[in-house]
Structures are given as structure tokens and as C-alpha cells.
Amino acid sequence: MGLNKLVKNTFSNSTSLFLRVVISYLMTPFLINGLGKDLYGVWMILVTFTLTGSLSFFTFGFQGALVKYIAEFHALKKQRELNEVFSATFLFYCVGALLCSAVILVFSRFYLADVFNIPIAELPTAQMVLYIFAVMILFELPGLAICAIIEGVQRFDILAILDIGRMIVLAGVTLGVLYCGQGLVSIALAMFFSTIIYTIVMGFAAKQLVPECRIVIGGDKATLRALFLFTRDLFILRINGLIYNNMDKMIIGILLSTTLVTDYDIANRIHSLALTIMGLAPSVVLPAASAFDAANDSERQTKLLLKGSKYTIAMTLPIVVTLLILAEGLIRYWISPQYIHVALYARLFLLYMLFWPIIQVGWNMLVGVNKVKSIVPLQTISICANLIISIILVRYIGVAGTMIGTVVANFMIFFAYLRLISNTFQVSITTFLRSVVVPTYLLGGVIALSLYTITAYRLPESLLQVCLYGVVSVVAYYIAYFVFCIDKVEKIRFTEMYYDLQNKISQTLTRRA
């Protein structure tokens with residue numbers, strides 16, 4: 001993947017994820033105030049029973065494997081093999097969706113009230129929402145195989161357009177539902193219909209991109225064996241990721257109460273903003289790393305690691321330090337002064353984000369070059385440590401215990417990951433730190449000190465001022481980074497891409513006129 005394509009795909013992901021975060025931030029106070037703290041906490045527990053939550057278990061790691069092999073087979077023009085791995089995954093997901101739906105129905109009918117501390121009055125509503133999710137998964141899970149085609153051929157711009165359209169429509173319908181005094185069932189129905197439409201449109205897009213792709217029965221055993229072997233390792237990563245992404249809410253909902261999940265979710269949304277930014281570039285390097293690995297192009301892999309890591313840190317670090325400093329003011333004016341105590345949770349959550357961007361690109365590239373077996377034990381150690389620490393601490397210090405567990409567990413395996421990345425891509429840790437880490441963190445320290453000094457002198461007095469402080473801080477970092485941390489060749493290429501994009505926009509507007 002050249003720099004142009006990397007930037008194009010990252011920009012597409014950036015736009016989609018940025019709008020997702022903005023919409024999520026705008027919707028959160030409406031949902032909390034419209035539903036109430038108790039019912040909002042219930043909703044946060046219920047949405048874990050979708051593919052963004054605990055139901056991601058039923059993906060079994062196949063989507064990540066499918067993206068890798070579609071990228072590889074498409075690059076090598078092996079259409080038969082591409083059809084075989086797509087068909088195997090799609091059919092497997094169709095069967096898995098039926099199983100998954102049955103699990104949700106049984107759980108909601110017989111076990112929901114026993115597992116979670118949900119207010120008695122809200123149990124019928126919670127069960128109806130899960131019934132809707134049970135039907136929704138029948139479309140959502142097979143849709144992952146279709147999505148993998150678009151990701152595999154690296155058309156993230158198309159996915160961005162579809163995601164943006166879906167988010168805007170769903171947000172509008174949800175606001176209408178709240179305005180009309182409706183509750184969780186209506187919101188769940190809006191999610192259900194948006195999922196069906198999204199899956200159908202995505203299917204048409206995938207067919208246009210790879211028109212020769214089709215469902216085939218059977219296939220070459222060697223090709224399918226490679227898919228399943230790679231998926232086996234990714235499945236372990238999927239289980240670990242499932243536990244990691246959902247255990248905090250589950251621990252709080254089971255050991256404390258679903259009402260306190262609201263406090264956790266506010267802190268998690270602030271943390272998720274930095275996490276989203278960190279995931280922009282890494283999300284597009286996995287198929288690129290697979291394609292370079294198939295072509296045995298180690299030189300381009302090394303460049304991808306260094307450039308991708310450098311830009312990921314540069315994008316993420318100013319967001320993290322800005323949120324750390326402005327967390328209290330953000331919560332005060334974004335949600336309500338009564339949630340000021342959540343700023344501590346948010347800051348604890350953000351601590352590991354100060355060092356995790358360093359290895360994020362390398363981690364995704366390890367998956368792309370079939371090094372999943374090396375990742376699994378490290379990730380498993382981290383997840384187990386996180387789970388144990390969180391369960392112990394939450395009994396004594398409440399919600400903050402889950403954040404401390406996350407920070408400690410991630411720090412435990414950070415240096416092992418760094419060494420694995422260094423050995424795999426033959427880049428010394430010294431070179432990596434000198435060229436990628438040191439410049440970005442020195443500049444980040446300057447920006448953090450400047451913002452802290454400004455807020456100590458004058459605290460923001462409205463949400464607009466909080467956002468203004470944040471935007472100025474982040475933009476100042478980006479400008480300084482462009483001036484001082486990017487070499488002359490890269491500046492020229494970025495300038496050329498800017499003018500190229502400007503010309504394309506101008507040509508498009510001229511044609512439409």
C-alpha cells in the first residue's frame with residue numbers, strides 16, 4: 001500500500017469514525033436524560049447482546065481471517081480461492097446466526113433476571129429488546145462476510161459512506177423516538193431496520209467491487225484448511241477481545257448494579273474517543289500487511305510499520321492528553337454537574353492510552369502476517385490479569401477498580417509486544433523509539449504543559465469553551481508535528497495529495513454544475 005492509498009483509507013475511516021464519535025457524544029446526554037440513569041444503565045447492558053458486544057463471540061474470528069485472505073487472493077488474482085473462503089465464511093455465519101439467535105431467546109426468557117441486577121419494573125422491556133436483537137443477528141452476522149469483501153479489496157471509502165448514512169438516519173430516528181416519549185423497544189426496532197437496510201446495500205456494493213464473487217459449495221481442502229487454521233488462532237483473540245470489551249460492564253452489572261453502568265459508560269465514552277482515533281490507521285494496515293507478506297516485500301512492510309506507527313501516535317497522543325486535562329469540564333457541561341465524579345474514572349481509563357498507541361500498528365501487522373500464535377499467550381495473560389484485578393478491586397473501590405485493572409494489565413505485556421514487533425519486522429527497538437516515539441512524545445509533553453497552564457489560569461465555563469480549548473490544543477500539536485517532525489519528502493507528498501484532492505473536488509463540482 002502506497003502512502004496515497006494509506007492516507008485515503010485512513011481519511012475514509014477517520015471521517016466515518018469521527019462522525020460516529022460526534023453522534024455518540026451528542027446522543028449520550030439525550031439518552032441519559034430521556035431514559036433516566038436506571039434505564040440507560042439497562043440499555044448499556046442490553047447492547048452487549050449485539051455484535052458490538054458479547055455476540056462477537058459468534059464471529060469465531062472468521063471475519064479477520066476472511067479480510068486477510070481476500071486481500072491476499074485478490075492481490076494474487078486467485079478468484080477461485082477467494083470464492084471458496086468467502087462461501088465457507090458466509091455459510092458458517094448463516095448457521096451461527098441461527099444458533100446465536102436461539103441463545104439470546106433462551107437467555108432472555110430464563111436467565112436475564114437472575115444474572116443482572118435489573119429493576120423489576122424494567123424486566124419486560126429488557127426481554128422484548130433482546131427478542132428484537134435475536135432477530136437482528138440473523139442479518140447482522142452474515143453481513144460480516146460481505147463487509148470483509150469490501151475491507152479485503154481496501155475500499156474503506158465505500159464502507160465509510162454506508163456507515164455515515166446509517167449513523168445519521170439511526171440518530172435521527174432515535175431522537176424522534178425520545179421526543180415522542182417512546183422507550184427502549186422503539187430504539188431497538190430502529191436499530192433492527194437500519195441493520196437490514198445496511199446489510200442489503202452493502203451486499204450490492206460488494207457485488208459491484210468483486211462481480212465474480214459468488215457462493216460455491218465445497219472447495220479445495222488446502223485453501224479451507226488454511227482459513228480454518230488461521231481462524232482458530234483468531235478465535236482465541238476474539239474470545240479475549242470479547243472478555244476485554246464487555247467484562248467491565250458485566251462485572252459492574254453483576255457485582256454492583258446496572259445503574260452504576262451509567263457512570264462507567266460516560267467514562268468509557270471519553271476513553272473510546274481516544275481509542276477510536278488510535279484505531280484509524282491500524283484498521284487499514286492489516287490487509288496491506290497481508291498483501292506485502294504475500295509478495296514477500298519486507299522493505300515495504302518495514303516502512304508501513306514505521307510510518308503507520310508514527311502517524312498513529314501523532315493522531316492519538318494529543319487527544320489523550322487533552323482529554324486527561326479537560327475531563328472534568330467536559331463531563332460537567334456535556335452531561336451534568338452531578339456526574340463530575342466520573343472524571344476520575346475517565347482519567348484512570350486514559351492512562352494506558354499514553355503508551356498503547358506505540359504498538360497498535362505493529363499489533364495489527366502481526367495478525368496480517370500470520371503471527372497470531374505469538375500474540376495469543378500475551379493477550380491471554382493480559383485479559384486474565386485484567387479480569388482478576390477488576391473483580392477484586394471493584395468490591396472495595398467500586399467502578400474505579402475496573403479502570404485500574406485495565407491499566408495494570410496492559411502495562412504488564414506492553415514491552416513483550418514491543419519486542420515481538422521488533423523481532424518480526426526486523427526493526428531495532430532503538431531505531432523504532434528514536435524515529436517514531438521520541439519526537440511525538442516530546443511535542444506531546446509541550447502541548448500538555450501548555451494546556452494545563454492555560455486551564456489553571458482560566459477554567460472553561462461552557463461546553464463550547466471546553467471544545468475550543470481541546471480543538472486549539474490538538475490543532476496546535478498537529479501543526480507543530482507537521483513543521484518539526486515530518487521530513488521534507490513526506491511534506492512534499494502530503495502537499496501533492498492535498499492539491500490532488502482539491503482538484504478532484506473541483507472537477508466533481510464542475511461536472512455537477
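The values are calculated or read from the model by the stated rules, or taken from the named source; none is laboratory data. If you're wondering where the values come from, they're calculated on a predicted model, not measured in any experiment. Every residue, glycine among them, receives a Cβ derived from its backbone with ideal geometry; neighbour counts consider all protein chains shown. Ligands, DNA and RNA are stripped out before the accessible areas are found, and what is left, the full protein with its side chains, is counted by its heavy atoms. Shrake-Rupley method; radii C 1.70, N 1.55, O 1.52, S 1.80 Å.
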**Message:** Considering only region 256-273, I want to know if a residue exists there that is modelled with pLDDT under 85, assigned to a helix (DSSP H, G or I) and either under 13 Å from the mean Cα position of the chain (by Cα) or within 22 Å of residue 357 (Cα to Cα) (or both).
**Reply:** yes
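Condition (residue is surrounded by fewer than 18 Cβ atoms within 10 Å (Cβ to Cβ) and either under 30 Å from residue 301 (Cα atoms) or free of Cβ contacts under 8 Å to residues at least 24 places away in the same chain (or both)) applied to region 396-404: is it met by at least one residue? Steps first, please.
Filtering region 396-404 for residues surrounded by fewer than 18 Cβ atoms within 10 Å (Cβ to Cβ) gives 396-398.
Those still in the list that are either under 30 Å from residue 301 (Cα atoms) or free of Cβ contacts under 8 Å to residues at least 24 places away in the same chain (or both) too: 396-397.
Yes: region 396-404 contains one or more residues that are surrounded by fewer than 18 Cβ atoms within 10 Å (Cβ to Cβ) and either under 30 Å from residue 301 (Cα atoms) or free of Cβ contacts under 8 Å to residues at least 24 places away in the same chain (or both).
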**Unique residue being open to solvent by less than 50 Å² (accessible area, probe 1.4 Å), more than 30 Å from residue 42 (Cβ to Cβ), part of a helix (DSSP H, G or I) and not charged (D, E, K, R) when the list is 137, 149** = 149
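Is there a residue being surrounded by 18 or more Cβ atoms within 10 Å (Cβ to Cβ) and either of a type in the set (S, T, N, Q) or at positive phi (or both) anywhere in region 61-69?
Filtering region 61-69 down to residues surrounded by 18 or more Cβ atoms within 10 Å (Cβ to Cβ) leaves 61-69.
So of that shortlist, the ones also either of a type in the set (S, T, N, Q) or at positive phi (or both) come out as 61, 63.
There is at least one residue in region 61-69 that is surrounded by 18 or more Cβ atoms within 10 Å (Cβ to Cβ) and either of a type in the set (S, T, N, Q) or at positive phi (or both).
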**Item:** Flag for residue 446 being part of a helix (DSSP H, G or I) and either touching a Pro at 6+ places or on another chain (Cβ under 7 Å) or open to solvent by less than 20 Å² (accessible area, probe 1.4 Å) (or both)
**Value:** no
**Prompt:** If you take the residues of region 405-431 that are β-branched (Val, Ile, Thr) and under 17 Å from residue 302 (Cβ atoms), which of them is surrounded by the most Cβ atoms within 10 Å (Cβ to Cβ)?
**Reply:** 421
**Request:** All but one of (1) over 28 Å from residue 300 (Cβ atoms); (2) open to solvent by 60 Å² or more (accessible area, probe 1.4 Å) hold for residue 434, so report the exception by its number.
**Result:** (1)
**Asked** Counting only residues that are free of Cβ contacts under 8 Å to residues at least 40 places away in the same chain and surrounded by fewer than 16 Cβ atoms within 10 Å (Cβ to Cβ), how many does region 383-395 have?
**Response** 3
**Message:** Quick check on my filter: what residues within region 152-169 are under 18 Å from residue 19 (Cβ atoms) and open to solvent by less than 40 Å² (accessible area, probe 1.4 Å)?
**Reply:** 156, 157, 158, 159, 160, 162, 163, 164, 165, 167
**Message:** Could you check region 113-127 and list, in sequence order, the residues that are modelled with pLDDT of 85 or more and buried (at least 16 other Cβ atoms within 10 Å of the Cβ)?
**Reply:** 125, 126, 127
**Prompt:** Scanning region 333-342 for residues that are part of a helix (DSSP H, G or I) and in contact (Cβ under 8 Å) with a residue 24 or more places away in the chain, which turns out most open to solvent (accessible area, probe 1.4 Å)?
**Reply:** 333
**Prompt:** Within region 358-374, can you find the residues that are over 18 Å from residue 427 (Cα atoms) and either acidic (Asp, Glu) or surrounded by 20 or more Cβ atoms within 10 Å (Cβ to Cβ) (or both)?
**Reply:** 372
**Asked** Only one of (1) over 15 Å from the mean Cα position of the chain (by Cα); (2) of a type in the set (Gly, Ala, Ser); (3) modelled with pLDDT of 70 or more is not met by residue 16, so which one is it?
**Response** (1)
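Here is a check on your reading of the model: is residue 31 touching a Phe, Trp or Tyr at 6+ places or on another chain (Cβ under 7 Å), surrounded by 19 or more Cβ atoms within 10 Å (Cβ to Cβ), under 30 Å from residue 340 (Cβ atoms) and not β-branched (Val, Ile, Thr)? Give the steps one after another, and end with the answer.
Details: touching a Phe, Trp or Tyr at 6+ places or on another chain (Cβ under 7 Å): yes; surrounded by 19 or more Cβ atoms within 10 Å (Cβ to Cβ): yes; under 30 Å from residue 340 (Cβ atoms): yes; not β-branched (Val, Ile, Thr): yes.
Against the criterion (touching a Phe, Trp or Tyr at 6+ places or on another chain (Cβ under 7 Å), surrounded by 19 or more Cβ atoms within 10 Å (Cβ to Cβ), under 30 Å from residue 340 (Cβ atoms) and not β-branched (Val, Ile, Thr)), residue 31 qualifies.
Okay, residues lined up against (1) buried (at least 24 other Cβ atoms within 10 Å of the Cβ); (2) without any contact (Cβ under 8 Å) to a residue 60 or more places away in the chain:
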| site | (1), (2) |
| --- | --- |
| 303 | no, yes |
| 309 | yes, no |
| 313 | yes, no |
| 316 | yes, yes |
| 319 | no, no |
| 329 | no, no |
**Complete:** Filtering region 70-90 down to residues that are open to solvent by 10 Å² or more (accessible area, probe 1.4 Å), of a type in the set (A, V, I, L, M, F, W, C) and farther than 10 Å from residue 149 by Cβ yields 73, 75, 76, 88
**Request:** Please tell me if residue 185 is assigned to a helix (DSSP H, G or I), surrounded by fewer than 18 Cβ atoms within 10 Å (Cβ to Cβ) and among the β-branched types (Val, Ile, Thr).
**Result:** yes
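Rundown of residues vs (1) within 30 Å of residue 248 (Cβ to Cβ); (2) at pLDDT below 90; (3) among the β-branched types (Val, Ile, Thr); (4) in contact with an Asp or Glu (Cβ under 7 Å, 6 or more places away or on another chain), yes/no style:
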site: 418; (1), (2), (3), (4): yes, no, no, no
site: 424; (1), (2), (3), (4): no, yes, yes, no
site: 439; (1), (2), (3), (4): no, yes, no, no
site: 487; (1), (2), (3), (4): no, yes, no, no
